[in-house]
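The values are calculated or read from the model by the stated rules, or taken from the named source; none is laboratory data. Just so it is clear, the structure is predicted and the values come from calculations on it, not from any experiment. For neighbour counting, all protein chains shown are included, and Cβ atoms are generated from backbone atoms with ideal geometry for every residue, glycine included.
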């Protein structure tokens with residue numbers, strides 16, 4: 001057993017210290033010394049990863065209290081297996097993104113923003129480290145605010161572009177709604193418990209209603225469906241390594257908050273149902289919106305909504321199981337959700353880096369201008385396809401493992417014949433539907449972007465990206481394969497995290513099918529690899545004949561005659577037209593010799609445009625109306641005063657007289 | 001008590017005079033007369049008054065009745081303004097409001113939980129009526145000088161309330177309030193002067209250009 005190894009607890013602390021110092025040094029070196037920045041950042045994240053790994057393999061939680069006061073509160077840091085899980089993911093993505101950015105966002109290409117980008121990158125990583133380690137409400141909020149702000153500066157690195165500025169502004173505004181809610185949450189918590197210090201307080205049942213505040217606050221950050229309004233434009237307009245960080249890690253910090261406080265605080269009885277319902281909604285509608293997108297990064301952003309939904313299904317059923325006392329399937333669902341946090345970080349990071357590679361090579365995110373890239377960019381194509389297989393939850397990669405664990409949890413809930421059956425059956429069906437739609441969506445992406453013929457000049461002149469951009473993608477892809485073929489390796493860590501979340505769920509062996517799953521996945525990988533290799537050899541031996549595609553008697557085929565992203569997904573987006581509300585502009589060819597015809601379809605940000613913006617306009621109208629009260633006429637101000645005093649007098653008098 | 005009520009009744013009548021007149025000198029005179037009446041009141045309330053009460057009464061009467069009105073008249077002459085030309089609330093509506101306010105003050109004062117020795121006196125209704133009158137003048141008038149008179153009548157109402165507590169509050173506190181007010185009038189006098197120079201008018205409606 002891991003636990004029996006003698007370990008000195010101080011080691012984790014030293015590793016954390018090294019990580020923090022290196023990242024701070026990186027901030028200093030960011031502007032001028034790029035290589036030093038890269039070296040320091042990589043050392044820092046390696047140390048952080050080592051610290052997280054030590055906790056995860058069973059060296060015990062690390063806790064450190066200092067007499068030093070920051071913001072009037074004593075410093076209290078804690079790294080247990082839940083925060084270590086998220087810290088590990090942060091370090092992996094931060095390292096990959098740092099290497100990637102050294103080739104993707106260079107001083108030569110972006111002289112104004114490259115140095116700032118490196119510096120804010122480290123600030124972001126550091127502030128997330130603070131959020132993960134802080135065990136005090138004040139420090140949590142400080143870290144959270146720094147995290148929000150630094151992410152804003154990273155999103156708007158390319159702020160000459162008005163779209164980027166708009167996306168950044170939306171992100172900042174929505175994030176601060178979340179910050180406000182979290183301020184309220186922590187303040188109320190501090191008032192009711194008498195201390196800002198955080199920790200398990202399950203026995204204080206009166207704290208349960210605070211869960212809703214926290215759910216909305218962290219839900220905005222996590223991008224849960226109706227609260228995701230900031231997410232698509234921010235992810236699409238940020239530089240790709242930042243998108244990978246936002247999607248891979250930043251959203252997960254929202255999930256971290258939910259997991260953390262759902263474990264520490266008592267929850268209302270219906271909380272699990274609400275979280276699971278939100279999860280199912282996010283999963284299905286996230287993928288539906290993704291299908292309607294034509295911008296490759298916006299599409300990936302909506303898949304983040306979907307995957308956060310899957311994570312929340314796991315968390316929600318874990319909470320339901322806690323409330324109803326079914327440890328067996330509750331653990332599985334929660335472990336599936338937590339593993340999906342890792343998995344989504346890995347494959348979504350990979351996909352965003354891949355999309356960045358495409359953007360870097362062609363200069364466009366518009367899928368209808370791409371096509372046929374696999375000839376020019378074989379590495380990017382292969383790695384993106386691998387990420388696509390993983391995100392669709394297909395064997396033999398990691399997405400399958402976590403979704404399968406969530407499914408096992410749902411099936412367990414069905415078999416337990418409790419009241420959870422009525423939620424578990426639809427959830428399982430909709431989760432399967434989500435997987436199918438995600439597959440359709442990624443067939444669309446891969447088919448339109450990488451296969452076929454180039455639709456534009458820039459796509460035809462694309463070039464493969466350099467080693468510094470391929471290496472991080474290879475690393476993330478390696479992670480996807482490793483978790484896919486050897487899920488048993490990560491089981492102890494997940495089991496510990498779940499044990500930390502709920503004390504009673506600590507000691508349980510891995511489910512028997514997990515071993516078999518690993519073997520089967522390995523088999524699928526080996527057989528698939530062998531078949532692919534044999535086919536490749538055959539093709540190489542026979543040779544290829546180049547001929548025009550779809551040459552069915554038509555003499556002048558052009559690349560524009562290919563399926564577009566919109567036409568491929570048309571059927572499915574029509575199913576979801578009730579929520580997607582696609583905007584269609586069509587000019588049919590008419591007459592014997594039609595001169596012009598056009599067809600243009602666009603999926604708007606329905607929630608933003610139909611709900612948030614009207615609400616904002618209403619508030620603005622109210623504010624403008626209220627502003628008429630301030631006109632500068634002293635006499636009228638005195639009337640206000642008189643009315644106020646009269647009302648007060650009326651209140652007092654009516655209160656005094658019986 | 002009857003003498004006191006008589007004086008308060010006179011003061012309430014002067015309120016209506018101030019509300020009903022359009023000429024600034026008569027408003028100022030009404031205010032000055034009210035001030036003198038108020039100055040006499042402590043002498044009627046305190047039965048065994050010493051030199052302090054006399055001194056304060058004299059100071060109040062001189063301050064409210066002579067010094068401040070004198071300052072206002074000087075400001076008025078300097079600004080060449082005699083009349084309130086187009087008030088926000090006309091003179092007849094002002095009078096009606098004032099009369100209504102006086103009646104309402106009498107009605108409200110009856111329902112207030114007062115000490116038995118104050119129940120018969122007109123102090124509370126007089127105070128409320130004066131404060132309302134002050135408010136109506138402040139709200140309804142445009143010229144800065146009539147607004148200052150509004151403030152003064154408003155302060156007279158507060159002074160009347162203060163007389164309720166004459167047993168427990170030393171008159172010196174009241175004298176301090178009066179001093180504050182005198183300083184306030186000085187400041188307003190300076191502001192009136194500035195308004196006059198900046199806008200070539202004493203119309204406070206023109207101050208709206210300063211709102212942002």
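Taking residue A:647 and the conditions (1) within 29 Å of residue B:147 (Cα to Cα); (2) away from chain B (no Cβ under 11 Å); (3) in contact with a helix residue (DSSP H, G or I) (Cβ under 8 Å, 6 or more places away or on another chain), which numbered condition does it fall short on, given that it satisfies the others? The number of the failed condition is (3). Hey, does segment A:576-586 have a residue that's surrounded by 11 or more Cβ atoms within 10 Å (Cβ to Cβ), more than 14 Å from chain B (Cβ to nearest Cβ) and farther than 24 Å from residue A:226 by Cα? The answer is no; no qualifying residue exists. Among the residues of segment B:134-156, those that are farther than 11 Å from residue B:24 by Cβ and more than 12 Å from chain A (Cβ to nearest Cβ) comprise B:152, B:153, B:155, B:156. Could you go through segment A:460-473 and let me know if any residue there is part of a helix (DSSP H, G or I), farther than 16 Å from residue A:379 by Cα and touching a helix residue (DSSP H, G or I) at 6+ places or on another chain (Cβ under 9 Å). Yes; the residues of segment A:460-473 include at least one that is part of a helix (DSSP H, G or I), farther than 16 Å from residue A:379 by Cα and touching a helix residue (DSSP H, G or I) at 6+ places or on another chain (Cβ under 9 Å).
Criterion first (without any contact (Cβ under 8 Å) to a residue 24 or more places away in the chain, over 47 Å from the mean Cα position of the chain (by Cα), in a helix (DSSP H, G or I) and surrounded by 10 or more Cβ atoms within 10 Å (Cβ to Cβ)) does residue A:638 satisfy it?
yes
Filtering segment A:611-627 for residues that are out of contact with any strand residue (DSSP E or B) (no Cβ under 8 Å at 6 or more places or on another chain), at pLDDT 85 or above and within 14 Å of chain B (Cβ to nearest Cβ) leaves a non-empty set. With respect to the conditions (1) touching a residue at least 60 places away in the same chain (Cβ under 8 Å); (2) buried (at least 17 other Cβ atoms within 10 Å of the Cβ); (3) under 19 Å from the mean Cα position of the chain (by Cα), residue A:226 lacks only one, and its number is (2).
Applying the set (1) in a helix (DSSP H, G or I); (2) more than 11 Å from chain B (Cβ to nearest Cβ); (3) free of Cβ contacts under 8 Å to residues at least 24 places away in the same chain to residue A:653 leaves exactly one unmet item: (2).
Please determine whether any residue of segment A:575-588 is closer than 19 Å to residue A:368 by Cα, assigned to a loop (DSSP other than H, G, I, E, B) and either modelled with pLDDT of 85 or more or in contact with a strand residue (DSSP E or B) (Cβ under 8 Å, 6 or more places away or on another chain) (or both). Looking through segment A:575-588, at least one residue is closer than 19 Å to residue A:368 by Cα, assigned to a loop (DSSP other than H, G, I, E, B) and either modelled with pLDDT of 85 or more or in contact with a strand residue (DSSP E or B) (Cβ under 8 Å, 6 or more places away or on another chain) (or both). Of the residues screened, residue A:570 is one that is without any contact (Cβ under 8 Å) to a residue 60 or more places away in the chain, in a helix (DSSP H, G or I), more than 14 Å from every other protein chain (Cβ to nearest Cβ) and within 39 Å of the chain's Cα centre (by Cα).
Could you look through segment B:77-94, keep only residues that are part of a helix (DSSP H, G or I) and crowded, with 19+ Cβ neighbours inside 10 Å, and pick out the one that is farthest from the other protein chains (Cβ to nearest Cβ)?
The residue in question is B:79.
Residue under question is residue A:278, and the condition is that it be part of a helix (DSSP H, G or I), modelled with pLDDT of 90 or more and under 30 Å from residue A:73 (Cβ atoms); does it hold? Against the criterion (part of a helix (DSSP H, G or I), modelled with pLDDT of 90 or more and under 30 Å from residue A:73 (Cβ atoms)), residue A:278 does not qualify. Residues in segment A:212-223 that are buried (at least 22 other Cβ atoms within 10 Å of the Cβ) and part of a helix (DSSP H, G or I): A:214, A:215, A:217, A:218, A:219, A:220, A:221, A:222.
Restricting A:355, A:290, A:244, A:283 to residues that are crowded, with 24+ Cβ neighbours inside 10 Å, farther than 29 Å from residue A:101 by Cβ and modelled with pLDDT of 90 or more narrows the list to A:283.
Taken together, A:333, A:323 contain a single residue that is more than 16 Å from the chain's Cα centre (by Cα), closer than 20 Å to residue A:82 by Cβ, in a helix (DSSP H, G or I) and at pLDDT below 90, which is A:323.
Touching a helix residue (DSSP H, G or I) at 6+ places or on another chain (Cβ under 7 Å), over 23 Å from residue B:140 (Cβ atoms), away from chain B (no Cβ under 14 Å) and in a helix (DSSP H, G or I), is that true of residue A:607?
Yes.
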